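Worksheet: one structure, shown below.
The values are calculated or read from the model by the stated rules, or taken from the named source; none is laboratory data. Quantities reported herein were computed from a predicted structural model and do not represent experimental measurements. Neighbour counts are summed over all protein chains in view; Cβ atoms, including those assigned to glycine, are modelled from backbone coordinates with ideal geometry. Side chains included, ligands, DNA and RNA excluded: accessible areas come from the protein's heavy atoms. Shrake-Rupley method; radii C 1.70, N 1.55, O 1.52, S 1.80 Å.
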Amino acid sequence: GNQKSTHMENSQGKKSQHAEEAIFYMNCRAAYLSVLKSSLENIKSKEQLSLVLQQAGRNPSQKTINKYWTSQTTSLNFDDFCAILKKEKPATKNELLEAFGKIDTDKAGYILHDELYKILTTRGDKMTHEEVTSITKQADFNCSGKLDYNKFCELYLTTREQCCKAARARLETDPRLRQQHLGNQTGNVSEGITLPLPKPSPGASRKADHKLPKGDSRAPSRPSSAQSSKASTSTTVSLGASSSRNTKLIIEPDTMKEWQRAESKGCFYLEEDGEIISHKYRLHLPQRSAVCVTIKPFRIPQAERKPCHWLSVDTALFILKENETQENLQLVSFTELQNEEMFGWRGELGAGIYWLLPFTTGCRLRKVKTQITGEAKLVWRDEDGELALTKEFRAALLDIFEMIDLDGNGLLSLEEYNFFELRTSGEKCDQEAWAVCKENFEMRKNELTRQGFLDLNLMEANDRDGDPWDLWVTLLSLGYNKALEMTEACPFVVSICAERCRPRIKAISLEAGGSQLSRAVCRAVVNKGEAKMLEGSENIFIHTYRSGSRVTSVIENKSENKVIIHVNNEQSKNCLNNRGLTLFAVEVAPKSMMVCQHVMALKEQEEWIYSCVHSLV
């Protein structure tokens, strides 16, 4: 009886601890998103840090701010912010009263205004007379030249709680903020996908027996550090060293050499808030045919001897069939075959229009803190005082030309150039402006040459009398850093081979994947992955899919109520995920599903273990 009682008390204690942690992360997120647009956006100044701490109910001194924002600090992310809040506890009423009590030596419950002025304007974080006056003018705790500090403390604590409540209320009512969920996650996979009400998920019902696929070493092991809750389930997948690169599937066999091919380049770009955008494509097949579709990072010829950070970025293509309307797209399949960095799909497609949506998890294409020793020089003046492009900048521009020359013909059409313009300036070049370009810069067949592109950028430098500011705006928007390294973009090439017809591919837009891509990712994981019912909750399923170099999990909520799922990756080894957090929580709307996380190996040459516990809060 005593053992049972102790066990129940421990269980209740863990549940309480779990609930407290969920509330803590909810408050962190509410405060963060009151100041910043996304949980992926970084805090970039002391002022922002102070503001976001105030939104979380803290009242940081300058000393506290300086402790976390040193001379070496350039930015802090959401994870850093959560860690600071754990250390900096809000002041309690007793602590405040004790501080005032040291001034009120007579224990009268009041402090003279003159004495308050003297202390607040000469000690610690010195306040101005105006700031002190704004306190003493408050009638609620002002009494004939004296401050009733008991009432002041009550008002301070009430205001602090109101501030936190207001932040949480904004989170609940703003759909844009709700889509951020509770952790670092890029927008292209974070949308909750509503399920059709009368039809249960085919993936979940088909896999209800939870059989393990052959070759998979998944075991239901609960880590000792995992927190207990109302319902939970765990998934473990062990993967060998270099499993992401040693898959030697022949995606394009020799028999395809005679097939007709169409190709287009494209690029993933990382936005300031961490969202990933890319080109989207429309594929036209004039008749039914066997096809092979591939995507891989693009090896820029001129950049062979430079560090190519983007070559380790994972890529995928989702193939969707267009029906009556563009909104009504049906998932056909996705590129799950892998040969080193190439991902592909082989199958048969009927005649018609298809959409190809490029995708990357965001595990390796993400904001990183890097120390840049010096800013690269872009232009210089020769002996005659004429501006010229530096060798390094010229090389970078030639790399950019290769990236934006989507059809690879060595020339930029107006359409290709406009994708470049939209990315770098947000505007398009019309036919009239293109005609002016033709008069001033080298063109061939009404398309801009490499030399013409270089001269166009030199003209921009001349227009600002050598000031490189506009040039840097262009470079930074294309994923380059101040050392002229491309660290926040990943160029890729999409290829389609068809046996019985000539495929045609065209880049249609440059934007975030949105709900179409979110829905495709969720459906792919539900259809191909393993489903586990959350133990103790028959309406929540965790779908886990392993595709060579990555593991993706999707949470499906069939219930009528929203749920919060706590995710614990503490037992994973040599892993990184797209959220950048080991512990986090996600909110899943009723009758919907959403991507929980994507996970990859941190060091590809070493074994990695994905071990995750999902718990219902």
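The slack between A388 and E348, meaning 0.36 nm per residue of separation minus the straight C-alpha distance, is 9.1 nm. In terms of overall dimensions, region 465-568 has a Cα radius of gyration and Dmax of 21.4, 69 angstrom. Note on region 93-173: dipole from Cβ charges, positive end direction compared against T122, A166, S144; the farthest Cα belongs to A166. Summary value for region 392-468: 28 percent relative contact order, contacts being C-alpha pairs under 8 angstrom separated by 6+ residues. Packing-based ranking of 435-444, 161-170 yields 161-170, 435-444, ordered from highest to lowest mean Cβ neighbour count within 10 Å.
Applying a 10 Å radius around every beta-carbon, put 445-458, 378-391, 355-368, 49-62 in order of their mean neighbour count, most first.
Final packing ranking: 355-368, 49-62, 445-458, 378-391.
Volume of the convex hull of region 443-491 (Cα atoms only), normalised per residue: 94 Å³. Lysine pairs in region 59-167 whose alpha-carbon atoms fall under 14 angstrom of each other, counting only those eight or more residues apart or on distinct chains, come to 8. For region 343-426, the solvent-accessible area of protein heavy atoms averages 44 Å² per residue (probe radius 1.4 Å; ligands and nucleic acids excluded). Expressed as a whole percent, the proportion of Cα-Cα pairs in region 93-173 lying more than 17 Å apart is 54%. Classify region 369-487 from the C-alpha gyration tensor, please: rounded if a/c falls under 1.5, else prolate or oblate depending on whether a/b exceeds b/c. Oblate, since a/c reaches 1.5 and b/c is not below a/b.
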